[in-house]
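See structure below.
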Amino acid sequence: AYHTAVANEAAARQGVITLKQSGADFVAVFDMLPREAYFAVVDEAKRQSIPFAGSVPYSVNAAEVSNSGQQSIERLPTILPSCSNRAEEIINKYADVLRAPTARPQGFRVPWQTLLETYDTKRAAALFSLLAKNGTFVTPMLAHWANVHLDFDKDHKNDPRMKYLLPALKQYWDSSQGRFEKEFEHTRESSKAVTQKFLEMVKAMNSAGVRLLAGTGTPGHPFEWPGFSLHEELEWLVKAGLTPM
């Protein structure tokens with residue numbers, strides 16, 4: 001896989017071209033893309049006839065992402081701002097911050113409590129109806145959220161699943177665990193309430209006919225166990241109201 005940070009339209013277009021030339025199956029877009037770079041990816045991906053998928057960049061509304069032809073949206077946290085009755089204000093603020101020349105600007109924080117307080121059920125329902133109409137898949141990644149934000153303090157050293165890990169992956173987890181804990185420290189107070197909101201969103205999406213996928217953050221985040229984490233994701237989807245089948 002090839003990946004690069006793109007801070008402007010020209011870099012975004014070149015990134016798509018490079019991916020196409022490398023034989024990639026699709027282009028993945030991530031949270032921190034500036035608005036101009038995202039729409040450059042969209043346009044160039046269509047020119048190059050290569051599919052694109054990934055997060056909803058924080059600088060873009062999820063409805064725009066769906067209407068652009070993005071085949072799937074990964075991770076519910078990136079959809080949540082678009083369900084706020086202050087979505088335009090929040091997303092425009094993100095767009096200004098993300099024009100900075102760094103991949104993850106200093107001081108960038110998701111206002112979780114504000115997003116919970118301003119969640120608009122009717123606005124969310126309209127968005128989910130649009131996702132269903134456009135055939136945009138959604139991969140909630142509930143187990144990924146729970147692993148990072150609810151189970152971060154579990155002692156994994158004696159976990160029996162550890163024996164299945166490749167040594168290189170174990171070393172990466174050991175070296176990066178502290179960084180992830182610090183990065184998401186600011187979400188601890190609201191994490192349980194946000195989790196409940198995500199379960200509500202998945203149930204509403206399923207009822208609206210949105211096509212859901214089961215996916216995880218393996219192997220990038222400690223401790224999402226390859227294989228096992230997919231089973232955990234299926235359990236979370238059942239908690240959200242899907243049938244086991």
Would you check if there is a residue in segment 142-151 being part of a loop (DSSP other than H, G, I, E, B) and open to solvent by 30 Å² or more (accessible area, probe 1.4 Å)?
-> yes
From the list Thr139, Thr218, which residue is closer than 15 Å to Arg75 by Cα, among the hydroxyl-bearing types (Ser, Thr, Tyr) and touching a Leu at 6+ places or on another chain (Cβ under 7 Å)?
-> Thr139
Consider Asp120 carefully, then state whether it is open to solvent by less than 60 Å² (accessible area, probe 1.4 Å), at pLDDT below 90 and more than 21 Å from Ala28 (Cα to Cα).
-> no
What is the residue count in segment 205-230 for residues that are more than 20 Å from Ser55 (Cβ to Cβ) and modelled with pLDDT of 95 or more?
-> 4
Per-region count, segment 127-153, residues aliphatic (A, V, I, L, M) and free of Cβ contacts under 8 Å to residues at least 12 places away in the same chain = 0
Taking segment 50-86, which residues are under 12 Å from the mean Cα position of the chain (by Cα), among the β-branched types (Val, Ile, Thr) and surrounded by fewer than 23 Cβ atoms within 10 Å (Cβ to Cβ)?
-> Thr78
Can you run down the residue pairs with Cβ atoms below 6 Å, 6 or more apart or on separate chains, where the first is in segment 216-231 and part of a loop (DSSP other than H, G, I, E, B) and the partner is among the charged types (D, E, K, R) and surrounded by fewer than 16 Cβ atoms within 10 Å (Cβ to Cβ)?
-> Trp225/Arg161
Across (1) touching a residue at least 24 places away in the same chain (Cβ under 8 Å); (2) open to solvent by less than 50 Å² (accessible area, probe 1.4 Å), Met162 clears everything bar (1)
Only one of (1) more than 27 Å from Phe108 (Cβ to Cβ); (2) within 16 Å of the chain's Cα centre (by Cα) does not apply to Asn147, and that is (1)
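Hey, can you tell me all the residues within segment 33-49 that are part of a helix (DSSP H, G or I), out of contact with any helix residue (DSSP H, G or I) (no Cβ under 7 Å at 6 or more places or on another chain) and surrounded by fewer than 22 Cβ atoms within 10 Å (Cβ to Cβ)?
Of everything in segment 33-49, those that are part of a helix (DSSP H, G or I), out of contact with any helix residue (DSSP H, G or I) (no Cβ under 7 Å at 6 or more places or on another chain) and surrounded by fewer than 22 Cβ atoms within 10 Å (Cβ to Cβ) turn out to be Phe39, Asp43, Lys46, Arg47.
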By residue number, the members of segment 12-32 that are part of a helix (DSSP H, G or I), closer than 22 Å to Leu98 by Cβ and open to solvent by 80 Å² or more (accessible area, probe 1.4 Å) are Gln14
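The values are calculated or read from the model by the stated rules, or taken from the named source; none is laboratory data. No experiment lies behind these values; they were computed from the predicted model shown. Here the Cβ is made from the backbone with ideal geometry for all residues, glycine too, and neighbour counts use every protein chain on show. The area values use the complete protein model at the heavy-atom level, side chains included, leaving out ligands, DNA and RNA. Shrake-Rupley method; radii C 1.70, N 1.55, O 1.52, S 1.80 Å.
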